[in-house]
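Working notes for the structure below.
The values are calculated or read from the model by the stated rules, or taken from the named source; none is laboratory data. Just so we're clear, the structure is a prediction, and the values are computed from it rather than from any experiment. Note that we place each Cβ from the backbone using ideal geometry, even for glycine, and neighbour counts take in every protein chain shown.
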């Protein structure tokens, strides 16, 4: 069926790993693409689709694929390893069915922008002759370290106290990601993090949720081996350049947030009296609670707060926070480096689509 190109220059399927912290930046980048005339379809798993809270989100089409656990997602799986293996198998099958369905419509897909943690999505894209763009939701520094482990240039388990890796300053063993520093502690997550590079050489682009000055050394090194573009930070426009109308939040929540109750509770507390601690969406705290080896104690939190509020080091941290906030704004503002890279990606995407069609 002939493609309808009247209203868009390319159609991208955006496939994030089904966790809030991975959906958010890819969704925000999708809004930037739409601003430049790209049609976007967000692809989520059925279990997420059933629980998602969606607002201010009428312009991005949403499709679902299966992770093999439509009624519960990860929580319904026997183990993380089982979930991952099933998701990799069923996800690739159902993504292929989605691509086939769209191919028979007026709006077939041209490109798959996939979370780099889902390398099988690139295999599906290439199977159907589509373009593929890996998206790093984590920092380039973190991904470079994982890449060194994947290439076995960083030997595991760690045997030294300090490491010098390409594009990075000297790092202590404790500075490395916990999947490496505590090798064997989370084997399933380790496999995901490291094996994301198995087919990355087949990607037409690698998009990184960072900005150049924040990670200059490692970005300079990575662009030598991959077609990498720094397009971040991928945050709601309200916090940055304010060029996207009414873009005050991400627009999608995996759970129904109760923001009003949280704000009301915070308003009742003295200014500067509340510390927010997040264990993250992937924290395995059951064992930590059982043996208390990895619990952050009150004394440690008290020390960190006092250091931040009462010492010169704390003042330096505050100054740096303001510095990087302002730099982040400048990079996504019109004419900034990340803005230029996003435009460059869209221009290249349009050229490739024109050549293929």
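For the stretch 43-53, the set of residues classified as surrounded by fewer than 21 Cβ atoms within 10 Å (Cβ to Cβ) and at pLDDT 90 or above consists of 46 only. In the set (1) touching a helix residue (DSSP H, G or I) at 6+ places or on another chain (Cβ under 6 Å); (2) in contact (Cβ under 8 Å) with a residue 60 or more places away in the chain; (3) surrounded by 18 or more Cβ atoms within 10 Å (Cβ to Cβ); (4) not in a strand (DSSP E or B), the condition left unmet by residue 14 is number (4). For the stretch 80-128, the set of residues classified as assigned to a helix (DSSP H, G or I), in contact with a helix residue (DSSP H, G or I) (Cβ under 7 Å, 6 or more places away or on another chain) and crowded, with 22+ Cβ neighbours inside 10 Å consists of 91, 95, 121, 122, 124, listed by residue number. Quick check, is residue 170 closer than 30 Å to residue 345 by Cα, surrounded by fewer than 22 Cβ atoms within 10 Å (Cβ to Cβ) and either in contact with a helix residue (DSSP H, G or I) (Cβ under 9 Å, 6 or more places away or on another chain) or at pLDDT 95 or above (or both)? In short, no. Among the residues making up the stretch 133-177, those that are over 20 Å from residue 219 (Cα atoms) and either in contact (Cβ under 8 Å) with a residue 40 or more places away in the chain or part of a loop (DSSP other than H, G, I, E, B) (or both) are 152, 155, 156, 157, 158, 159, 160, 161.
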